[in-house]
Amino acid sequence: MGFFLVMKAELVRTFTIMRRYWFATLTGLIMGWGMLMVLIIGFMSGGGEMAERLAGEKATSGALGLVIGMFAFGIVGLFTQGLQGMARTGELEQVYMSPHGLVTNFLARSFVSALSAIFTSSIMLMLVAASVKGRLHADPLPTAAILFLTYVNLIGFGFMTGGLVLVFKQTGQVAVLIRLVLVGLAVVASEAVQDWPLVARGVAHALPITDAAICLKMVVVQGRGMGVFATSYFFFLLVSCGIWTSLGLTCFKIMENWSRDKGTLGAY
Amino acid sequence: MSNSNAIELHDVDKTFYTRHIFQKHEDTGRRRLYEKRAVHAVDRVNFTIERGEVFGLLGPNGAGKTTTVKMISGLVRPDAGKVFVDGLEVERKRLKVLRKIGVVLEGTRTCIWPLTPLENLSYFGNLRDVKGPILKQRARELLDFIGLKDKMNVQVRRLSRGQKQKLAVCIALITDPPVILLDEPTTGLDVQSSRAIRDKVIELTHERGKCALVTTHDMAVAQSLCDRIGIINHGALVACKPTDELLDVFSEQTFEFRVDRLPALDGLAAVPGVVGAEPCPEDDGPAFLLHLVQDEATRSAAMYDAMDWLRGAGCLLRSITRRQQTLENVFLRLTSEPRPARPDGE
Ligand SMILES: Nc1ncnc2c1ncn2[C@@H]1O[C@H](COP(=O)(O)OP(=O)(O)O)[C@@H](O)[C@H]1O
Ligand SMILES: [Mg+2]
């Protein structure tokens, strides 16, 4: 109930701002596409002669990875830098005083920003796919399912980092680093992860983006459709969802109370 | 607990800790690798505010006013003691309590800058469950009364500081809450606007039975707005009385003596019942102020003794007048004392 009320308010706010700053929104989209294109051209020219045939698939796979990475970057950023900024300006206290609780508020906020991110990134991805003529497989059910799980996973992770930022303001810089790692992982994630050394493999599976990126690439780029549900990566995704969400929410609750003790909810 | 009070604070205490790494200590001048310092922001504060009442919290910077407001609104958790709003304990029923209060905190960022005042009100109204038609009507009424109607479709970033402050007050009132907490609501406002806010608060409390807690530096506002005033210094409540009583108590204490020449005031200060004596230069000759104890019998004795002492010192006594106190004098006197003893209870 509270979730939908907050979501409605957030939706109105987000779209009002998007409309008011339509020029920035539009240029943002174009720049994002431009950046992806530069990257893809790099992929294609670096691969030598034999790469020609593979280029389409490899390029879209990389682009998709980058888009998911940016998605993760944005969602986690909402909980870290976003939360920090809100605390500094006093907006956080204002949000905290809405009678739905901070968790509900941030769930709704992140949901709205995820929706708008998915909206804009699918446009970008479509543009990219058209530009390099790589085929994208539009499989609504698996895609939606994986996107949703990815979102849940990131939210859990976000709540944990957000909670830490709430109390230890200096962890903000570390959070930027973690976000960049997420982007990098999303780009390179592929089934080759299995051949990585044990420690690297552990870290990759532990972070909330690797399995999600692999699954999504399987569906959208390789066109495996429902087959993805039978892979171990999907299983890993489910498990990490469960772990990160429960860990994240618990951590956030504890940190929220601690932050009220230390009075860091407000001005830093 | 009891239902007649809208806000109750029972022995509320809060200490903040700050951590310093390799910082010089002010007193000793020594550097320590790591040091934890404590700030006793609020020191066992007790007060209650009834419905229909405006309570003013006055104190110098860093006295603990904002911390108190934040503890009532659940933004800061007290170390000890209990806060009740409308009979609900804030720590246990925080979300319910939040539905009953409207808060204006310090700062200009309490509203969203890329949105217009009208959009801000509808955003915060939506966030706090105010239904569509009521929300629209109330938003317009509020903006109209506070004088922001012509700015209602201008982005907040383009408004002046005072206008942002006015909007913050509107946002706090958008849910029509029974309990209103205003932290320095009139700083940065022009006379008309601060008067408008004052009138609104008086209307909401005296006529519509809400209760308001106002912290302010502005003595004029406090004196004309608040029914009761609590003066807070170093986190402790040093006085808490109805406004006129507070002024009365202190005006009875201070007397102005006009004399032909200033005697040695140290001797006078030693007279039993005299709290202090200080010169106060006047245009038409020397004069001094005598601060006497509050107890009436002792004060009377002190007056006689002081006059005897003056006669003994060979002074010519021209006149004695009781000092008319303004809140400002009371405030300055109370807050200039280094660390007050426990407040004399009500
Ligand atoms: N989050 C915090 N961490 C450490 N000290 C704080 C914090 N918040 C307030 N303080 C300290 O507590 C004291 C009271 O602050 P505050 O309530 O804001 O005073 P006022 O509003 O009366 O000016 C000040 O000395 C301030 O430095
Ligand atoms: Mg303050």
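The values are calculated or read from the model by the stated rules, or taken from the named source; none is laboratory data. A quick note: this is a predicted structure, and the numbers were derived from the prediction, not measured. FYI the Cβ positions are ideal-geometry reconstructions off the backbone, even for glycines, and counts take in every protein chain you see. Just the protein is used for accessible areas: all its heavy atoms, side chains included, with ligands, DNA and RNA removed. Shrake-Rupley method; radii C 1.70, N 1.55, O 1.52, S 1.80 Å.
The figures follow:
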quantity: Matching residues in the range A:143-170 - criterion: being surrounded by 17 or more Cβ atoms within 10 Å (Cβ to Cβ) and more than 19 Å from A:Phe111 (Cα to Cα); calculated: A:Leu164, A:Val165, A:Leu166, A:Val167
quantity: Any helices (runs of 4 or more DSSP H) falling wholly within the range B:98-181 and containing at least 3 residues that are free of Cβ contacts under 8 Å to residues at least 24 places away in the same chain and within 14 Å of chain A (Cβ to nearest Cβ); calculated: B:117-127
quantity: Odd one out for A:Ala212, checked against (1) more than 14 Å from chain B (Cβ to nearest Cβ); (2) touching a helix residue (DSSP H, G or I) at 6+ places or on another chain (Cβ under 6 Å); (3) more than 30 Å from A:Ala129 (Cα to Cα); calculated: (3)
quantity: Test: residue in the range B:2-9 that is within 13 Å of ligand 1 (Cβ to nearest atom) and in contact (Cβ under 8 Å) with a residue 40 or more places away in the chain; calculated: no
quantity: Residue satisfying condition, being closer than 25 Å to B:Ile232 by Cα, under 24 Å from the mean Cα position of the chain (by Cα) and not in a loop (DSSP other than H, G, I, E, B), within set B:Ala38, B:Ala63; calculated: B:Ala38
quantity: Candidates B:Val45, B:Val69, B:Val76, B:Val39 - the one that is within 16 Å of ligand 2 (Cβ to nearest atom) and surrounded by fewer than 22 Cβ atoms within 10 Å (Cβ to Cβ); calculated: B:Val39
quantity: Matching helices (runs of 4 or more DSSP H) fully within the range A:66-179 where at least 3 residues are at pLDDT 85 or above and within 14 Å of chain B (Cβ to nearest Cβ); calculated: A:83-89, A:91-96, A:102-132
quantity: Residues of the range A:214-241 classified as buried (at least 23 other Cβ atoms within 10 Å of the Cβ) and of a type in the set (D, E, K, R), total; calculated: 1
quantity: Helices (runs of 4 or more DSSP H) wholly inside the range B:209-311 containing at least 2 residues that are modelled with pLDDT under 85 and surrounded by fewer than 17 Cβ atoms within 10 Å (Cβ to Cβ); calculated: B:243-253
quantity: Some residue of the range B:50-60 being out of contact with any helix residue (DSSP H, G or I) (no Cβ under 9 Å at 6 or more places or on another chain) and away from every other protein chain (no Cβ under 14 Å); calculated: yes
quantity: Any hit, the range A:238-253, residues being within 14 Å of another protein chain (Cβ to nearest Cβ) and farther than 30 Å from A:Ala63 by Cα; calculated: yes
quantity: Residues being away from ligand 2 (no atom under 16 Å from the Cβ) and open to solvent by 10 Å² or more (accessible area, probe 1.4 Å) - total across the range B:48-66; calculated: 5
quantity: Residue that is most open to solvent (accessible area, probe 1.4 Å), among those in the range B:183-193 that are in a helix (DSSP H, G or I) and over 9 Å from B:Gly162 (Cβ atoms); calculated: B:Gln192
quantity: Residue in the range B:107-122 that is modelled with pLDDT of 90 or more and open to solvent by 50 Å² or more (accessible area, probe 1.4 Å) present; calculated: no
